[in-house]
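The values are calculated or read from the model by the stated rules, or taken from the named source; none is laboratory data. These numbers were taken from a predicted model, which means no experiment stands behind them. Cβ atoms come from the backbone with ideal geometry, glycine included; neighbour counts cover every protein chain shown.
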């Protein structure tokens, strides 16, 4: 059973808190007590996922600073495994349905390469973090000169859908029949840094294991999605024992690509 993650009420953020409550039906608390373990709270850097009593910084979606921005700046462009798996070589501006959006890192990289990405996230907690991160990025790119070149990316190329991807796939594929389906099911992260361990531990506590990720693959295949990309650990078994059309392997990760009827 997944934990209930409440939103801590802070008077300085009343408007943002009301908006998040309406969008994601998050329970509101006015103080922390022994019954609360994980909670959401606004900080100077944005909405953060916190753990009571933890000395670590909150988990915040920040597209313009930190690891996400560094990855975007240092990326290998369309030669990197993720871009090759999505098929930028044939289509430099693909439409991608990121059906397991998580913290939006791969979606941001894909958008920065020219893709239009629809991020679908079913966890209200993670969706709230994504929504806040996206809104802060939009505000920053419109108000701060150094971030202005990214304004189109955040206002037009990244869209957030809150809900179960199984309920969105048919609708989105009908509207975008050539869209690439991208799946990144939860699996144990192999990076060793304390930050990654902290983020992934809290993330897993919130969303649990993706026990139904195979259902998404089978649904996408049944719906006739032209290209489906599944991110896997390098040595993991094929999802649902479905052999891909091809594999693109990096140091720790493997992208299984399913070409369906093309």
Exercise for review: Could you grab me the full set of residues in the stretch 121-149 that are farther than 19 Å from residue 59 by Cα and either touching a strand residue (DSSP E or B) at 6+ places or on another chain (Cβ under 6 Å) or part of a helix (DSSP H, G or I) (or both)?
Suggested key: 138, 139, 140, 141, 142, 143, 145, 146, 147, 148, 149
Review point. Got a sec? Which of 183, 169, 160 is closer than 21 Å to residue 83 by Cβ and modelled with pLDDT of 95 or more?
Key: 183
Revision key, fill the gap. Scanning the stretch 203-214 for residues that are part of a loop (DSSP other than H, G, I, E, B), farther than 22 Å from residue 37 by Cα and modelled with pLDDT of 80 or more gives 212
Exercise for review: Output yes when any residue across the stretch 194-202 is loosely packed, with under 15 Cβ neighbours inside 10 Å and either part of a loop (DSSP other than H, G, I, E, B) or modelled with pLDDT of 95 or more (or both), and no when none is.
Suggested key: no
**Study point:** Failed item in (1) under 23 Å from residue 206 (Cβ atoms); (2) in contact (Cβ under 8 Å) with a residue 12 or more places away in the chain; (3) surrounded by fewer than 15 Cβ atoms within 10 Å (Cβ to Cβ), with residue 167 passing the rest
**Key:** (2)
**Study point:** Of the criteria (1) closer than 28 Å to residue 128 by Cβ; (2) free of Cβ contacts under 8 Å to residues at least 12 places away in the same chain, which one residue 222 fails
**Key:** (1)
Exercise for review: Output the residue which, of all residues in the stretch 243-262 that are at pLDDT below 95 and farther than 16 Å from residue 106 by Cα, is surrounded by the most Cβ atoms within 10 Å (Cβ to Cβ).
Suggested key: 260
Point to revise | Subset of the stretch 100-155 that is free of Cβ contacts under 8 Å to residues at least 24 places away in the same chain and out of contact with any helix residue (DSSP H, G or I) (no Cβ under 7 Å at 6 or more places or on another chain) - its residue that is surrounded by the most Cβ atoms within 10 Å (Cβ to Cβ) | key: 135
